[in-house]
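Asks: Okay, here's the structure, questions in a sec.
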Amino acid sequence: MNGRAETAVPARPGAPADLDWDRAVALIHRAGEVCLACHVAPDGDALGSMLALAQALRTLGKRCTASFGEPFGVPAILRFLPGQEMLVEPARVPAAPELMISLDAAGRARLGSLAGPADRAGALIVVDHHASNTGFGGVRLVDPDAAATAVLVEELIRRLGVPLDRDIAQGLYAGLASDTGSFRYPCTTPEVHDLAGRLLTAGVRPEAVSRELWDRAPFGYLQVLAGALARARLERDAAGGRGLVWTTITRADRDARDVPYDQLEGVIDQLRRTDEAEVAVVCKENDGGEWYVSTRSKGAVDVGRACVELGGGGHRTAAAFTMGGEPAWIIDRLRAALRVPGEPDD
Ligand code: MN
């Protein structure tokens with residue numbers, strides 16, 4: 001169709017409409033200061049998208065801060081990302097910012113201590129791609145079919161008229177590579193590769209990003225990984241007969257090898273290789289003594305739905321929740337949530 005420069009109808013069902021993009025761009029151009037926030041315990045997409053946007057806003061001449069709720073510390077594997085000089089502690093974020101932009105957070109609770117400033121912001125733009133997004137925020141750039149929040153941030157930067165430089169592209173590429181599992185997950189569309197191509201053209205070196213994200217670790221990590229794999233249990237009958245493999249990592253396990261909690265992100269990628277299991281689960285005890293339960297499926301089972309049922313969130317093939325109690329009891333609850341509707345109980 002022609003003559004539809006500005007419309008409330010999105011290009012694709014579920015995607016933001018031009019009007020939403022235009023409202024976001026207008027709010028940003030009008031603002032004196034912009035506060036960015038991403039979800040707690042940020043991953044490559046959350047932090048990479050946020051730092052990319054922060055640098056683009058700085059290019060526009062905006063005063064801009066970026067932060068995330070406590071614990072406030074950049075995970076070791078993300079310390080290579082450019083733009084970290086723009087990070088401020090969450091306590092330094094204004095209580096009622098003029099304009100706040102939430103990145104990669106499925107709900108206000110995922111902002112941790114920055115949920116308050118988000119509630120009180122003069123305007124709140126939400127940029128996210130979680131199917132479980134709760135619908136918060138006044139202007140919503142939410143697309144569950146986007147492979148990463150970085151995809152949406154790249155479009156926002158383009159609509160703001162900021163060219164991609166190498167540092168901005170590096171953050172976006174980290175987000176895209178993280179959430180596509182290094183371009184292996186089913187969300188790896190032709191558009192994803194087109195975007196990756198534009199980011200390489202802007203100067204990203206893929207081997208350098210991959211090395212930082214996936215191909216390096218202290219020796220202690222390998223020892224913690226070895227323990228986690230040795231403890232793993234395979235339950236062939238669970239998940240509607242499709243199989244479940246799970247393991248645990250206690251605080252004591254990682255303290256013994258001096259491995260911080262945020263270094264354990266890659267364990268699930270080893271466990272999910274298991275042929276005999278549709279679903280892989282890693283229960284990680286955090287510093288507060290609760291269990292962060294990471295889940296992955298190969299596509300036949302919706303772990304996102306199961307995790308939402310247990311108070312968490314995520315996507316069909318990658319999701320998580322946090323829970324107290326003993327891991328065996330937590331796995332009992334997850335096993336029940338994973339029963340495939342319409343199929344007999346295992
Ligand atoms: Mn994401």
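The values are calculated or read from the model by the stated rules, or taken from the named source; none is laboratory data. All figures in this text were calculated on a predicted structure; none of them were measured in a lab. FYI the Cβ positions are ideal-geometry reconstructions off the backbone, even for glycines, and counts take in every protein chain you see. Side chains are part of the model used for accessible areas, which takes the heavy atoms of the whole protein and leaves out ligands, DNA and RNA. Shrake-Rupley method; radii C 1.70, N 1.55, O 1.52, S 1.80 Å.
Asks: In debye, nearest 20: dipole of the chain around its Cα centre with unit charges on the Cβ of K, R (+) and D, E (-)?
Replies: Details: 38 positive and 47 negative charges, 79 e Å.
Using only the charged Cβ atoms, the result is roughly 380 debye.
Asks: Determine, from the Cβ-Cβ distance of residue 329 and residue 198 and an R0 of 51 Å, the FRET efficiency 1/(1 + (r/R0)^6), rounded to the nearest 0.05. Working shown, then result.
Replies: Values: r = 47 Å, r/R0 = 0.93.
Efficiency, rounded to the nearest 0.05: 0.60.
Asks: Let me ask you something else. Residue by residue through the range 158-168, what is 3J(HN,Hα) from phi via Karplus (6.51 cos²θ - 1.76 cosθ + 1.60, θ = phi - 60°)? Round to whole Hz and write x for glycine and proline.
Replies: Computed from phi, the couplings for the range 158-168 are 4, 5, 7, x, 9, x, 6, 9, 4, 5, 4 Hz.
Asks: Related question: Given H placed 1.01 Å from N in the peptide plane, which residues other than close sequence neighbours of residue 142 have an amide H under 5 Å from its amide H?
Replies: HN-HN under 5 Å from residue 142: 128.
Asks: With a 10 Å cut-off between alpha carbons and a GNM built on the chain, which of 57, 81, 222 moves the most?
Replies: Judging by the Gaussian network model, the answer is 222.
Asks: Loop-only GluC sites (Glu not before Pro) in the range 1-102, please: DSSP not H, G, I, E or B, and at most 13 other Cβ atoms within 10 Å. Mind dumping the intermediate values first?
Replies: Numbers: sites: 6, 33, 85, 98; in loops: 6, 98.
The qualifying sites are 6.
Asks: Taking H placed 1.01 Å from N in the peptide plane, check which residues at least 5 places from residue 236 or on another chain put their amide H under 5 Å from its amide H.
Replies: 244
Asks: Could you tell me the largest-minus-smallest coordinate of the C-alpha atoms of the range 219-338 on each of the three principal axes, in descending order and whole angstroms?
Replies: Computed over the range 219-338, the largest-to-smallest principal extents equal 37, 28, 22 Å.
Asks: Now for a separate question. Of 20, 143, 269, which is the most mobile in a GNM of the chain whose springs link Cα atoms less than 10 angstrom apart?
Replies: Comparing 20, 143, 269 in the GNM, the peak value goes to 269.
Asks: Ordered by residue, what ³J(HN,Hα) values in Hz, to whole numbers, does the range 189-198 give under the Karplus form 6.51 cos²θ - 1.76 cosθ + 1.60, where θ = phi - 60° and Gly and Pro are x?
Replies: 3J(HN,Hα) across the range 189-198, in whole Hz: 8, x, 5, 4, 5, 4, 5, 4, x, 5.
Asks: Report, by chain and number, residues whose modeled amide H sits under 5 Å from the one on residue 36, excluding near sequence neighbours (fewer than 5 apart, same chain).
Replies: The answer is 65, 66, 67, 101.
Asks: Accessible area per residue, 1.4 Å probe, Å², for the chain: what's the number?
Replies: Values: 15280 Å² over 346 residues.
Accessible area per residue: 44 Å².
Asks: Among 125-133, 145-153, 43-51, what's the highest-first ranking by average C-beta atoms within 10 angstrom per residue? List each step's numbers first, then the result.
Replies: Details: 125-133: 23.6, 145-153: 26.2, 43-51: 29.2.
Averaged packing, sorted descending, gives the order 43-51, 145-153, 125-133.
Asks: Out of the range 153-240, which trypsin sites (Lys or Arg not before Pro) are coil in DSSP terms and have no more than 11 other C-beta atoms within 10 Å?
Replies: Working: sites: 158, 159, 166, 184, 198, 211, 216, 231, 233, 236; in loops: 184, 216, 236.
Loop-located and lightly packed - 184, 216.
Asks: Between residue 191 and residue 258, what length in nm is gained on full extension when 0.36 nm per residue of separation is reduced by their alpha carbon distance?
Replies: Stretched fully, the residue 191-residue 258 segment lengthens by 20.1 nm.
Asks: Next question. Could you give me the ³J(HN,Hα) list for the range 269-284, computed from phi with Karplus coefficients 6.51, -1.76, 1.60 and θ = phi - 60°, whole Hz, x at Gly and Pro?
Replies: Listing the rounded values in order: 5, 6, 5, 6, 6, 3, 4, 7, 10, 6, 10, 10, 9, 10, 9, 10 Hz.
Asks: May I pose another question? From the alpha carbon gyration tensor of the chain, can you work out the equivalent ellipsoid semi-axes (sqrt of 5 times each eigenvalue) and give them in Å, largest to smallest? Walk me through the numbers before you get to the answer.
Replies: Values: eigenvalues 224, 100, 78 Å².
Result for the chain: semi-axes of 33, 22, 20 Å.
Asks: Shifting gears a bit: Nearest 0.05, what FRET efficiency do residue 208 and residue 270 give at R0 = 22 Å with Cβ-Cβ as r?
Replies: With R0 = 22 Å, the Cβ-Cβ based efficiency is 0.45.
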